[in-house]
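Beneath this line is the structure, given in structure tokens, with notes to follow.
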Amino acid sequence: FDRHYFNGGGKFGGYAREGYWDYPVHEITFQHIMGHNPESVLELGCARGYVLKKLQDAGVYAAGLEISKHCYLTRACDNIWLDDVCERPWVSEVRHVIPTGRKIDMAFSIATFEHIPEQFLPDVLEQLAENTNRGLHGIDFGEKDDGFDKTHCTLRPKSWWRDLFNK
């Protein structure tokens with residue numbers, strides 16, 4: 001997940017052509033999250049943190065986890081931790097800075113879970129259940145996947161994901 005991944009892809013795929021910038025859909029995502037009135041938010045796979053920045057500017061405590069050193073170094077806001085959700089523990093590092101000291105109110109992700117190998121998903125979901133009150137996750141099921149992004153390792157149908165999240 002280096003600069004090449006986010007700026008047109010390469011050996012392992014990535015964002016084709018346009019690079020990773022503050023897409024208009026980030027505003028839609030922000031509005032959708034705000035519609036749930038979160039007290040605090042944790043984003044998994046936050047990239048440069050464009051949605052987090054909007055949340056922080058709105059007065060919501062928001063933090064993110066990102067595996068890409070490139071995204072971390074070019075981040076748009078503070079409260080982003082360079083970490084791998086496949087390595088435990090990770091939520092506790094962010095949770096201790098929540099102003100209330102309570103659980104994180106909402107975890108969210110967009111196009112992140114399909115990059116997590118299946119064997120790590122139960123542990124990731126367990127950590128979310130232990131440390132967050134609720135979640136909002138957008139997942140690519142792979143129905144129209146062209147195979148360009150080789151980092152997609154868990155492309156499963158919606159029913160599979162629904163079962164996994166409801167365990």
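Would you be able to tell me the number of residues in region 77-98 that are modelled with pLDDT of 90 or more and either on the phi > 0 side of the Ramachandran plot or buried (at least 18 other Cβ atoms within 10 Å of the Cβ) (or both)?
Count: 3.
Condition first: closer than 21 Å to residue 88 by Cβ and buried (at least 16 other Cβ atoms within 10 Å of the Cβ). Now tell me which residues in region 146-156 satisfy that.
154
Just need a number here: residues in region 36-60 that are buried (at least 20 other Cβ atoms within 10 Å of the Cβ) and either in a strand (DSSP E or B) or of a type in the set (Asp, Glu) (or both).
The total comes to 5.
For region 114-145: of the residues being out of contact with any His (no Cβ under 9 Å at 6 or more places or on another chain) and of a type in the set (Asp, Glu), which is surrounded by the fewest Cβ atoms within 10 Å (Cβ to Cβ)?
Among those residues, the one meeting the criterion is 143.
Those residues that are under 17 Å from residue 157 (Cα atoms), modelled with pLDDT under 95 and among the hydrophobic types (A, V, I, L, M, F, W, C), I need them from region 108-132; list them, please.
Result: 110, 111, 116.
Could you count how many residues in region 61-72 are open to solvent by 20 Å² or more (accessible area, probe 1.4 Å) and in a strand (DSSP E or B)?
Counting residues in region 61-72 that are open to solvent by 20 Å² or more (accessible area, probe 1.4 Å) and in a strand (DSSP E or B) gives 1.
Cβ-Cβ distance below 9 Å, separation of 6 or more or different chains: which pairs start in region 26-42 with a residue that is closer than 22 Å to residue 131 by Cβ and aliphatic (A, V, I, L, M) and end on one that is loosely packed, with under 13 Cβ neighbours inside 10 Å and at pLDDT 95 or above?
Hits for this filter: 34/58.
Out of region 1-35, which residues are open to solvent by less than 70 Å² (accessible area, probe 1.4 Å), in a helix (DSSP H, G or I) and either of a type in the set (A, V, I, L, M, F, W, C) or at pLDDT below 55 (or both)?
The answer is 5, 6, 30, 33, 34.
Taking residue 135 as the residue in question, decide whether it is part of a loop (DSSP other than H, G, I, E, B), under 21 Å from residue 33 (Cα atoms), at pLDDT 95 or above and not hydrophobic (A, V, I, L, M, F, W, C).
Against the criterion (part of a loop (DSSP other than H, G, I, E, B), under 21 Å from residue 33 (Cα atoms), at pLDDT 95 or above and not hydrophobic (A, V, I, L, M, F, W, C)), residue 135 does not qualify.
Looking at residue 159, is it modelled with pLDDT of 95 or more, outside any loop (DSSP other than H, G, I, E, B), polar (S, T, N, Q) and open to solvent by less than 30 Å² (accessible area, probe 1.4 Å)?
No, not satisfied.
The values are calculated or read from the model by the stated rules, or taken from the named source; none is laboratory data. Note that the structure is predicted; figures quoted are calculated from it, not measured. No Cβ is skipped: glycine too gets one built from the backbone with ideal geometry, and neighbour counts run over all protein chains shown. Side chains are part of the model used for accessible areas, which takes the heavy atoms of the whole protein and leaves out ligands, DNA and RNA. Shrake-Rupley method; radii C 1.70, N 1.55, O 1.52, S 1.80 Å.
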